[in-house]
Amino acid sequence: EFPLSIRDNSVSLLVYNLGYLPGQEDKRRPTMAEDTLESLRQALFIRPILATHGLISLTCYRGHPEGAKEAAAVQDFVEGLDPLTFRCFVHSPLNRPLSPTVITIYRLK
């Protein structure tokens, strides 16, 4: 959950750097698809903190098994968002399939 001090529809930019938990030297603790999807649902629908014309940027590291699973789950979720409310893009190197991919969600209204 996001802190209650953050007002609804007040955040212009949310940045997710997925792959491994920040500050962890132990690379056996990756970020998890279920947690990321719940965070996105919170930010967009349950307690919508993303402002109109706000952006979510997700960098997904696909070079390890959980990262590939998480990137696919995030892309599936984003593909299902209402196109009248959100514009969604994926930016991936075509000739390097394990390189990070960036997914963006722009809120229109």
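With all protein chains present, calculate the accessible area of F2 using a 1.4 Å probe and round the result to the nearest 10 Å². For F2, solvent-accessible area is about 40 Å². In the range 36-109, the portion of solvent-accessible area held by carbon and sulfur atoms comes to 61 percent [1.4 Å probe, whole percent, DNA, RNA and ligands not counted]. Our helix-only sum for the chain, with -39,500 (n - 2.57) per DSSP H run of n ≥ 4 divided by its residues, gives a mean residue ellipticity at 222 nm of -7000 deg cm²/dmol. The value of relative contact order for the chain, using C-alpha pairs under 8 Å at least six residues apart, is 30 percent. Placing dummy labels 7 Å off each Cα toward the beta-carbon, the span from R28 to F45 is 3.5 nm.
About the Cα centre, and with charges only on the beta carbon of Lys, Arg (+1) and Asp, Glu (-1), how big is the dipole of the chain? Nearest 20 debye, please.
Working: 12 positive and 12 negative charges, 60 e Å.
Charge dipole of the chain: 280 debye, to the nearest 20.
So what's the angle, to the nearest 10 degrees on a 0 to 90 scale, between helix 65-79 and the longest Cα principal axis of the chain? Between the helix axis and the principal axis of the chain, the angle is about 30 degrees.
Seen through its C-alpha gyration tensor, with square-root eigenvalues sorted a ≥ b ≥ c, the chain comes out oblate because a/c lies at 1.5 or above while a/b is not bigger than b/c. The peptide list 100-106, 34-40, put in order of mean Cβ contacts within 10 Å with the highest first, becomes 100-106, 34-40. Accessible-area rank, largest first, for E1, E70: E1, E70, with all protein chains present and a 1.4 angstrom probe.
The values are calculated or read from the model by the stated rules, or taken from the named source; none is laboratory data. Here the structure is a predicted model, which is why all the values come from computation and not from measurement. All Cβ positions, glycine included, derive from the backbone under ideal geometry; neighbour counts span all protein chains shown. Note: accessible area is taken over every heavy atom of the protein model, side chains too, but ligands, DNA and RNA are not part of it. Shrake-Rupley method; radii C 1.70, N 1.55, O 1.52, S 1.80 Å.
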